[in-house]
Structures are given as structure tokens and as C-alpha cells.
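Q: Just dropping this structure here.
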Amino acid sequence: MDLEQEIINANILIVDDEPINIQLLEKTLKRAGFNHIQSTQNPLEVESLYLENNFDIILLDIQMPNMDGFQVMDKLNELEMESYIPILVLTALTDRDTRLRALKCGARDFITKPIDRLETLHRIRNILEVRILHNKLTGQKKILEEKVKERTQDLEQSRVEIIHRLGRAAEYRDNETGLHIIRMSKFSQMLALEMGLPENESEMLLQASPMHDVGKIGISDNILLKPGKLTKEEFETMKTHTSIGADILANSDSEVLEMAQKIAITHHEKWNGKGYPNGLKGAEIPLIGRIVAICDVFDALTSERPYKHAWPVQEAIDEIVSQKGEHFDPEVVEYFLKVLPAVIKVKDEYAEPSIESN
């Protein structure tokens, strides 16, 4: 549809308490080809009419009973917070104060009564042309914003997928399966929500926590896959996976990767300060590191591996409770016990096949 046709098809509202003025304007507009015209003598009806019809232009008288034109414009402005309503003021008042007040209230132009038909049509067409072009630009902007939003979502999904795949790569090197990182990340999210962390931060924890052991990629197989107990020197090497992981995840603009780095470097710290790599103590350990520590240990204890049997849930809980104030933050332990039923449900949902059956 070309611009001329869009102008003719514009939705027009006339608001004037004098029937003769409405009749004159309707006749003028219809002769010019406009065919979507409504009118009212009652300014109190304008708000509901606008909500129903979303007019392209409103021809508005200023001096009316019950509600003057200024009050009508104030009401309409409350409805249109993100755009504007093209209003052509009809007034017999020609003083400067009236014009300035009308402009301040949102008027786009003026017609002085008694109206000149040809001038009125030109002013209406000019306002409508600007309105139509404005709507087109707004529509194009919304389309572009939607495309950007879709593209951003695609990139975010790709980033999350890469994070999970890197996390799984680290777990596979340690004879783990991808189910471990799914379980412990879901545990972490539930625990974070229970502790009152915002939903978006808890969601980010769900995405970041699978990277907690990514540094194991840098540990040699003869240490990482050793079936027996590690020597003191080997254990010292094993502990470096926290720093290696933090280095892998460093210097990113992504909030998820920034959180993942904090988790990687702190999830083996202990509440009593005897953890590694930095010997952080108590609240020096970021809360996300304290949360992941419990969730990771619980899943490790209750999971079957080639080198160990799975602990019963109650035995694992007893161990965690016994380490309250030593390995684990006492408050986080208490909240973990509160979400335990949900944790067990996730554990069962993402259970691994028995090693003996493979």
C-alpha cells in the first residue's frame, strides 16, 4: 500500500461539543476521500474510544464542558508512554499561552476556528504522513530488535552448549559421565534458589557449575586415571586442576564464564581454611564456590565408579553433616538438607546405569 492510500485509510477521531463543527469536519474529510471517521461530543468518551480504535489522528477542541482539551491530552498521554498521539487542536483561542500549553500537552498542530477547509486538510495530511512514517520506522525497529533478540538467544544457547561440552570433556577424562555434571549443576541451582539467590543468578549457576573441573584437562593420565591412592607429589599436581581451570576460563566478558572461573578456583576450598588452592577460610570463599562444593561432593559420594561403590544417601548426608564447620559452610549444609528431597528426585531422574551391568 502506497503512502497516499495509507493516508486516506487513516483512522480519525473528531472531538468537539458543538454538533455543527463535527458535521463540517466530517463533510470536509469525506469529500477528500477519508472513510474511517468517528466523532464524539463527549470528551469523557475519548479514552475508551482510543483504547478500542488506536486512532491515527485526533481533531480535538479545547473548550468543552466536563473535560477540556488539555485534560483529554493528559489522559491520552498516560495511555501512550512509548509513542505519541497525533493531535490537531481546534480552538477559537489564539493567545500565546493557550498554544504553548497545547504544545506542552502533546498537540502537533493548530487550526483556528472558524476553520479553513483547505488549510485543515493540508494540516491533517501533513500530520498523518509523519505519523505513518513514524509507525513504519517503529515497526522496522521492532523487527530488528526481534532479530537481534533471536540472534542473541542463539549465541547464548551455543555458548551454554560449549560450556556443557567442555565440562563433559573434563569429566570423561576422569572416568566420569556427563550425567554427573547435569546432576550437580541442578543440585547447585536448587540450593542457590533455596538460599535466596535471584532466579537469574541461580540460572547462571546452573550453566556455570558444569565447568568446575575443566582444569582436569591439564592433568596427565598417569595421575588422573591412577586406580590407587595418589602420592603426596601426585596429589599436589592433582590440586592444580583448580588453577588450570581458572586460567582456561579467565579474561572472558561472559558473566557465565566469569562465574565458572570463580567456581573452578574455589570449589575445593574448605570452610576451615584447609582447602586449596589458596587456603581461603569462611566467607572469604564465594558463596557459589561453597554451594558447588557440597553439591559436587554429595554426587561424587553417591555415585558408583570403577574404583568405588556408591555410598547410600544417608551415609553421604551423615558425612556432609559431620563436616559442617570444617569442610562445608554450616549454613549451606542446613539449606542443602532442606532441598534434599528435590536433590534425590533429580539424582534418580538422571541415574547412571550400574557399572556391573555394562
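Results for (1) within 30 Å of Leu205 (Cα to Cα); (2) charged (D, E, K, R); (3) modelled with pLDDT of 80 or more; (4) surrounded by 13 or more Cβ atoms within 10 Å (Cβ to Cβ), shown as yes or no for each residue.
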site	(1), (2), (3), (4)
Thr112	no, no, no, yes
Arg131	no, yes, yes, yes
Ile143	no, no, yes, no
Arg159	yes, yes, no, yes
Arg165	yes, yes, no, no
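Q: A further question on this structure: When you go through Arg131, Arg123 one by one, which is the residue that is assigned to a helix (DSSP H, G or I), in contact with a strand residue (DSSP E or B) (Cβ under 6 Å, 6 or more places away or on another chain) and under 30 Å from Leu24 (Cβ atoms)?
A: The unique qualifying residue is Arg123.
Q: Which of the following residues is closer than 27 Å to Ile244 by Cα, surrounded by fewer than 19 Cβ atoms within 10 Å (Cβ to Cβ) and at pLDDT 80 or above: Leu179, Leu121, Leu137, Leu197?
A: That would be Leu179, the only listed residue that is closer than 27 Å to Ile244 by Cα, surrounded by fewer than 19 Cβ atoms within 10 Å (Cβ to Cβ) and at pLDDT 80 or above.
Q: May I ask you to list pairs of residues, at least six apart or on different chains, whose Cβ atoms are under 7 Å apart, with the first in the stretch 253-276 being in a loop (DSSP other than H, G, I, E, B) and the second being among the hydrophobic types (A, V, I, L, M, F, W, C)?
A: Pairs that qualify, where the first residue is in a loop (DSSP other than H, G, I, E, B) and the partner is among the hydrophobic types (A, V, I, L, M, F, W, C), are His267/Val292; His267/Ala293; Glu269/Leu280; Glu269/Ile285; Trp271/Phe328; Gly273/Leu280.
Q: Quick one: Gly275 ticks every box in (1) more than 18 Å from Arg183 (Cβ to Cβ); (2) surrounded by fewer than 19 Cβ atoms within 10 Å (Cβ to Cβ) bar one, so which box is it?
A: (2)
Q: Can we say Gly218 is over 14 Å from Tyr276 (Cβ atoms) and within 21 Å of the chain's Cα centre (by Cα)?
A: no
Q: What pairs come out if I take residues in the stretch 84-96 that are in the same structural domain as Met73 (by TED's automatic domain parsing) and more than 23 Å from Pro19 (Cβ to Cβ) and pair them with residues that are at pLDDT 80 or above and assigned to a loop (DSSP other than H, G, I, E, B) whose C-beta lies under 8 Å away, six or more apart or interchain?
A: What qualifies is Ile85/Phe55; Pro86/Asp56.
Residues checked against (1) surrounded by 16 or more Cβ atoms within 10 Å (Cβ to Cβ); (2) out of contact with any Ser or Thr (no Cβ under 8 Å at 6 or more places or on another chain); (3) over 17 Å from Cys105 (Cα atoms):
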{"site": "Thr28", "(1), (2), (3)": "yes, no, yes"}
{"site": "Ile37", "(1), (2), (3)": "yes, yes, yes"}
{"site": "Asn54", "(1), (2), (3)": "no, yes, yes"}
{"site": "Ile58", "(1), (2), (3)": "yes, yes, no"}
{"site": "Asn66", "(1), (2), (3)": "no, yes, yes"}
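Q: Give the residues of the stretch 320-330 that are surrounded by 13 or more Cβ atoms within 10 Å (Cβ to Cβ) and charged (D, E, K, R), sorted by residue number.
A: Listed by number, the residues that qualify are Lys324, Asp329.
Q: Any idea how many residues of the stretch 322-347 are assigned to a helix (DSSP H, G or I) and not aliphatic (A, V, I, L, M)?
A: Total satisfying the criteria: 10.
Q: In the stretch 73-89, how many are modelled with pLDDT under 85 and under 20 Å from Leu121 (Cα atoms)?
A: Residues that pass the stated criteria total 1.
Q: So which residues in the stretch 207-252 are β-branched (Val, Ile, Thr), free of Cβ contacts under 8 Å to residues at least 24 places away in the same chain and farther than 21 Å from Leu280 by Cα, if there are any at all?
A: Those that are β-branched (Val, Ile, Thr), free of Cβ contacts under 8 Å to residues at least 24 places away in the same chain and farther than 21 Å from Leu280 by Cα: Ile223, Thr231.
Q: Going through Leu29, Leu24, Leu49, Leu59 one at a time, which residue ends up being farther than 23 Å from Arg131 by Cα, at pLDDT 90 or above and assigned by TED's automatic domain parsing to the domain that holds Leu128?
A: The conditions single out Leu24.
Q: Hey, among Glu319, Glu356, which residue is of a type outside the set (S, T, N, Q), part of a helix (DSSP H, G or I) and modelled with pLDDT under 95?
A: Criteria check complete, one pass: Glu356.
Q: Among the residues of the stretch 292-319, which ones are under 23 Å from Tyr276 (Cβ atoms), of a type outside the set (Gly, Ala, Ser) and crowded, with 18+ Cβ neighbours inside 10 Å?
A: Within the stretch 292-319, Val292, Ile294, Cys295, Asp296, Val297, Phe298, Asp299 meet the criteria.
The values are calculated or read from the model by the stated rules, or taken from the named source; none is laboratory data. The structure presented is a predicted model; accordingly, all values stated were derived computationally and were not measured. Here the Cβ is made from the backbone with ideal geometry for all residues, glycine too, and neighbour counts use every protein chain on show.
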